[in-house]
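Let me begin by presenting the structure, written as structure tokens, before commenting on it.
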Amino acid sequence: MELGGRTILVIGMGRTGTAVVDFLARRGARVLATDETPPERLAGARDLLSRRDGDVAWVPYEASVLAAGVDLVVPSPGVPPRNPLLVAAAKQSIPIWSEIELAFAFLKTPVIAVTGTNGKTTTTTLIGDILAKGGKRVFVGGNIGNPLVEYAGGPQGADLAVVEVSSFQLQWTRTFHPFVAVHLNLTADHYDYHGSLAAYGAAKEKIFANQTPRDFAVVNADDAGTAPLVHRLSAVVIPFSSKGPLAGRGAYLEGERIVLSLDGSVREAYPTARVRIPGRHNLENIMAAVAVGRICGCPPEAVLAAVEGFEGIPHRIEYAGRVRGVTFYDDSKGTNVDAVRRALETFPDPVILLMGGRDKEGDFEGLREDVKRRVKALVLFGEARGRIESALGGLVPTLSLPTLGEAVKRAFHEAAEGDTVLLSPGCASFDAFRDYRARGDYFKEVVRELEGDVQPQGA
């Protein structure tokens, strides 16, 4: 694809946006960069503009910039379809590509892509570990870590690229074609972006749009949002189920082992007794990763070694400390209702649950039975605390505090020896923190403060 001389507008100057600008400018494009935040307040944008020596221009965040002869628009993840610049571009029939669509046009490495409402990062990371244990050179990135466009702009030395892809990224794809596509689950999320579950699901399903019968689709057969895909995709479908045996191809749980068949006849068994990451939902993630590893030819012993050595990812039901007999877990990455439900299912005894942050129009009412059954006390914080209290308050003892720091300390005050305090917010972090990582790190700081080691900084 020739970019030289083309005028391309990049919307959003976070990590992905700045990587896209750099990628385009290096290939001779005339790049127009914009963001709601002024460039002087964006360190990445400031550095990029100073380095690019005039081939990148900062333009106002308004639809009138399209009149500059824009040939292509590349929005960063999180820029919603109803954004005025995107609406205007669509009306003018200007192509809109996501970063992964742009990267794919230059990619020489076969792609494994993972999507789903929950479990994407865990599964993507574990697949990378399995492939590495199996002797493959692997790039792992996308919606986590390094943007795919950074890899596409380099020497591309990997055998396989394992990419986490969000609905935001899939929304604007046309040719993106992973030879293995994984869809873990689909539950209510990002209504503030997509507007409905149907639109959200349609964006996720684009991960399969260009697959052929020579490709593979690994799909959750138990999940109501993904199960219908098992019977309508063009690729070879490898379903997985935590509820029992599958008759043909697929992976399923049988006692304390995962059983896998890629051809419908030969069956392999992978014991789960030494799995380190808790929760039935993580066994589902492991089943998907095991299937991908074997599709890619990794020896069974390498697959099992990677699974048994995998300790999970930061901020996803991560042990955060123990203070005077009270245990703390950080699930800051749990930013939707289904993630909270899955986190609660991990613990055998009721927990003191911390929820709050910026509301994503989640269906908190859907947690009522889980809260009554699995929560000892509910401690709310941040912008969404009022709405969560309206939906769940009174089912169990409920407290509401303005900030996460106050909420953690109050939860500890309410806890008895042997209790678990779980941060699983069910909301975005942007009311007080840069992202879920910053929120989780701050939670751990407060826990350390309770231990008497350090004083936390910030919110």
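The values are calculated or read from the model by the stated rules, or taken from the named source; none is laboratory data. Since we're looking at a predicted model, the values are computed, not measured. Note that each Cβ is placed from the backbone with ideal geometry, even for glycine, and that neighbours are counted across all protein chains shown.
All of (1) touching a Lys or Arg at 6+ places or on another chain (Cβ under 7 Å); (2) surrounded by 22 or more Cβ atoms within 10 Å (Cβ to Cβ); (3) over 23 Å from Pro402 (Cβ atoms); (4) not assigned by TED's automatic domain parsing to the domain that holds Ile258 hold for Ser332 with one exception: (3).
For the range 1-23, the set of residues classified as part of a loop (DSSP other than H, G, I, E, B) and closer than 16 Å to Pro77 by Cβ consists of Gly12, Met13, Gly14, listed by residue number.
This table checks each residue for (1) surrounded by fewer than 19 Cβ atoms within 10 Å (Cβ to Cβ); (2) touching a helix residue (DSSP H, G or I) at 6+ places or on another chain (Cβ under 7 Å).
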{"site": "Arg368", "(1), (2)": "yes, yes"}
{"site": "Arg374", "(1), (2)": "no, yes"}
{"site": "Glu389", "(1), (2)": "yes, no"}
{"site": "Pro402", "(1), (2)": "yes, no"}
{"site": "Leu423", "(1), (2)": "no, yes"}
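Candidates in the range 169-210 are the residues that are hydroxyl-bearing (Ser, Thr, Tyr) and under 22 Å from Leu86 (Cβ atoms); of these, the one that is modelled with the lowest pLDDT is Tyr191.
Val371 satisfies every condition listed in (1) closer than 20 Å to Val447 by Cβ; (2) in a helix (DSSP H, G or I); (3) of a type in the set (A, V, I, L, M, F, W, C) except (1). Restricting attention to the range 24-68, the residues that are part of a strand (DSSP E or B) and not polar (S, T, N, Q) total 7.
What about Val259, is it in a strand (DSSP E or B), modelled with pLDDT of 95 or more and over 26 Å from the mean Cα position of the chain (by Cα)? Criteria met by Val259. Among the residues of the range 82-115, those that are part of a loop (DSSP other than H, G, I, E, B) and β-branched (Val, Ile, Thr) comprise Ile94, Thr109. Which one of these is farther than 24 Å from Thr121 by Cα, of a type in the set (A, V, I, L, M) and surrounded by fewer than 16 Cβ atoms within 10 Å (Cβ to Cβ): Ala384, Ala416? Ala416 is the lone residue from the list that is farther than 24 Å from Thr121 by Cα, of a type in the set (A, V, I, L, M) and surrounded by fewer than 16 Cβ atoms within 10 Å (Cβ to Cβ).
Among the listed residues Gly264, Gly255, Gly225, Gly250, identify the single one that is out of contact with any strand residue (DSSP E or B) (no Cβ under 8 Å at 6 or more places or on another chain) and closer than 17 Å to Leu184 by Cα. None of the others qualify; the one that does is Gly225. Just to be sure I understand the filter: pairs with C-beta atoms under 8 Å, separated by 6 or more residues or on different chains, first member in the range 56-67 and more than 12 Å from Arg30 (Cα to Cα), second member in a loop (DSSP other than H, G, I, E, B). Which pairs pass? Short answer, once both residue conditions are applied: Tyr61/Asp35; Tyr61/Glu36; Val65/Val59; Leu66/Gln92; Leu66/Ile94. If you go through the range 392-422 and keep only what is part of a helix (DSSP H, G or I) and in contact with a Gly (Cβ under 9 Å, 6 or more places away or on another chain), you end up with Leu404, Gly405, Ala407. Among all residues of the range 159-168, there is none that is among the aromatic types (Phe, Trp, Tyr), in contact with an Asp or Glu (Cβ under 9 Å, 6 or more places away or on another chain) and under 24 Å from Arg82 (Cα atoms). Mind checking which residues of the range 81-101 are within 24 Å of Asn143 (Cα to Cα) and touching a Leu at 6+ places or on another chain (Cβ under 8 Å)? Those that are within 24 Å of Asn143 (Cα to Cα) and touching a Leu at 6+ places or on another chain (Cβ under 8 Å): Leu85, Pro95, Ile96, Trp97, Ser98, Glu99, Ile100. Out of the residues in the range 143-168 meeting the condition of being modelled with pLDDT under 95 and among the small types (Gly, Ala, Ser), tell me which one is farthest from Val74 (Cα to Cα). This residue is Gly145.
Would it be correct to say that Ile352 is outside any helix (DSSP H, G or I), within 21 Å of His413 (Cα to Cα), in contact with a helix residue (DSSP H, G or I) (Cβ under 7 Å, 6 or more places away or on another chain) and of a type in the set (A, V, I, L, M, F, W, C)? The answer is yes for Ile352.
Only one entry in Arg322, Arg294, Arg316, Arg274 is in a helix (DSSP H, G or I) and at negative phi, namely Arg294. One residue stands out among those in the range 235-288 that are among the polar types (S, T, N, Q) and under 30 Å from Pro314 (Cα atoms): the one that is surrounded by the fewest Cβ atoms within 10 Å (Cβ to Cβ), which is Ser242.
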